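A short write-up of the structure that comes next.
The values are calculated or read from the model by the stated rules, or taken from the named source; none is laboratory data. Just so you know, these numbers come straight off a predicted model, no measurement behind them. Methodologically, a virtual Cβ is constructed for each residue, glycine included, from the backbone with ideal geometry; neighbour enumeration extends over all protein chains shown. Only protein heavy atoms, including side chains, enter the accessible area calculation; ligands, DNA and RNA are left aside. Shrake-Rupley method; radii C 1.70, N 1.55, O 1.52, S 1.80 Å.
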Amino acid sequence: MSQYVFGFPLDASLQKTIDDLLTNHAKGQYAESATAIKLAIGTTDGVVKALALDVIDILKASGEGGGVLAVLANLLKSTMHVLIKQIMGKVSDAEQDKLAGYLSRRRQVVDGASKFGFVMPQPLGKRFEEILARIAAGNMTGAREDLTAAMSDFVDAATAAFYDDFTNSLEVGFVKKKMVSIGRSTIIKGSNSATSKLFVSMSDAELQAVAAHYGSMFTQG
């Protein structure tokens, strides 16, 4: 059975910081809390860049604005930055053990290169493979509707990988658990609202360009 991976390269300096943290952690050395917080914010920004900001650049290049995605990008960043600062204080060694596991699970090596991502559910990966291939071939019949539906399911998978796996690594009490729950609901609601509007407003050329961008992050192993 084919394995489908979603992943994108992080900024080189951020990737090095992650690599160093994991190397040191394997030796029993723990980082400062500030480093863990920096990585949490940096990887969040990496996800937002890959899924929203880079697409905005594609749409700008074609003469169209990316207003829907700009709103989503601001929502995701503001929600996560505030949440991270609220729930990550002094990061304990036990939390760092779990966070190291999270970072290891998010590291996907594709063609020898480290990417930040996750293994997709096989049925969802196959759906994307088929939809993106149709769009690349110029077959736009039902493409917008199918891609919108697939992206809604992708939001759930990505939230589980990037949000749930991360927050489950932290020791949070009742109040902070409530913050985590509210943050999760905000992210899913905002993401689904954006995807429901995004593709229907694109021209065929824009849809092909954006699909090619997504296709570069979906690989089959």
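What the table below lists for this structure:
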| quantity | calculated |
| --- | --- |
| FRET E, pair Ser203, Ser152, Förster distance 30 Å, beta-carbon r, rounded to 0.05 | 0.85 |
| Full-stretch length increase - Lys16, Val109 - with 0.36 nm per residue and alpha-carbon distance subtracted | 32.0 nm |
| With at most 16 other Cβ atoms within 10 Å, longest stretch of the chain clear of loop trypsin sites (Lys or Arg not before Pro) (DSSP) | 91-221 |
| Where Thr186, Thr159 fall by accessible area, highest first, once all protein chains stay in place (1.4 Å) | Thr186, Thr159 |
| Cα-centre dipole for the chain with unit charges at Cβ (Lys and Arg positive, Asp and Glu negative), debye to 20 | 560 |
| Accessible-area value, Met179, 1.4 Å probe, nucleic acids and ligands omitted, Å² | 60 |
| Globularity index of the chain, i.e. its alpha-carbon radius of gyration over 2.2 N^0.38 Å | 1.04 |
| Nearest-10 value in Å² for the accessible area of Thr219, using the 1.4 Å probe | 40 |
| Accessible surface of region 56-206, 1.4 Å probe, proportion on carbon and sulfur as whole % | 56 |
| Residue-span extension gain [Ala94 to Ile37] - 0.36 nm each, minus C-alpha spacing | 19.0 nm |
| Whole-Å distance, taken between Cα centres, linking region 154-221 and region 85-121 | 17 |
| Distance in nm between pseudo-label sites at Gln86 and Ser193 (7 Å out along the Cβ direction from Cα) | 1.7 |
| Solvent-accessible surface ranking, highest first, for Val55, Val200 at 1.4 angstrom | Val200, Val55 |
